[in-house]
Amino acid sequence: MTDVVCGKCNNPITQNQKVIKAMDKTWHEEHFVCGGPCKKALVGASFYERDGQPYCKDCFEAQFASRCAGCSNAILEKAVIALDVKWHKDCFKCQKCKEPISGNTFAVQDNKPLCTECAGI
């Protein structure tokens, strides 16, 4: 390997060094780590990419995932989009009876969802 530099430190990579090839770059093995606060080694692990940096699942979710308007936790699957925010399906509940709202019809009171029964629809 000549003229190959590490994707993190930009120092040359020599032939006897262990390397990782990921994200169209070559990295010293010890430099292929999570770009989040944990700095966990990502060799042999799945990772997410954001702005040219690799992230472990936990750091990626903590920093970049959409948050549920009901519980504030990360939304990792399909979301209910209502009242201009995202919700987990189970968190999109009537604010009076606390039952999940199913179907496409609901009412709004104080910018919070109400089921059709509680709203008298």
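Here is how the numbers come out for the structure above:
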read-out: Hits in the range 79-106 - residues which are crowded, with 17+ Cβ neighbours inside 10 Å and part of a strand (DSSP E or B); value: 80, 86, 87, 93
read-out: Output for the range 107-121, where each listed residue is out of contact with any strand residue (DSSP E or B) (no Cβ under 9 Å at 6 or more places or on another chain) and outside any loop (DSSP other than H, G, I, E, B); value: 109, 112, 117
read-out: Filter result (of a type in the set (S, T, N, Q) and open to solvent by less than 70 Å² (accessible area, probe 1.4 Å)) within the range 37-78; value: 66
read-out: Filter pass, residue 70 being modelled with pLDDT under 95 and assigned to a loop (DSSP other than H, G, I, E, B); value: yes
read-out: Filtered residue count, the range 11-40, keeping only those that are of a type in the set (Val, Ile, Thr) and in contact with a Lys or Arg (Cβ under 7 Å, 6 or more places away or on another chain); value: 1
read-out: Strands (runs of 3 or more DSSP E) lying entirely in the range 1-60 (those with 2 or more residues that are touching a helix residue (DSSP H, G or I) at 6+ places or on another chain (Cβ under 8 Å)); value: 19-22, 48-50
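The values are calculated or read from the model by the stated rules, or taken from the named source; none is laboratory data. Since the structure is predicted, the reported quantities are computational estimates derived from the model, not experimental observations. Because the Cβ atoms are built from the backbone with ideal geometry, glycine has one as well, and the counts that use them run over all protein chains shown. Ligands, DNA and RNA are stripped out before the accessible areas are found, and what is left, the full protein with its side chains, is counted by its heavy atoms. Shrake-Rupley method; radii C 1.70, N 1.55, O 1.52, S 1.80 Å.
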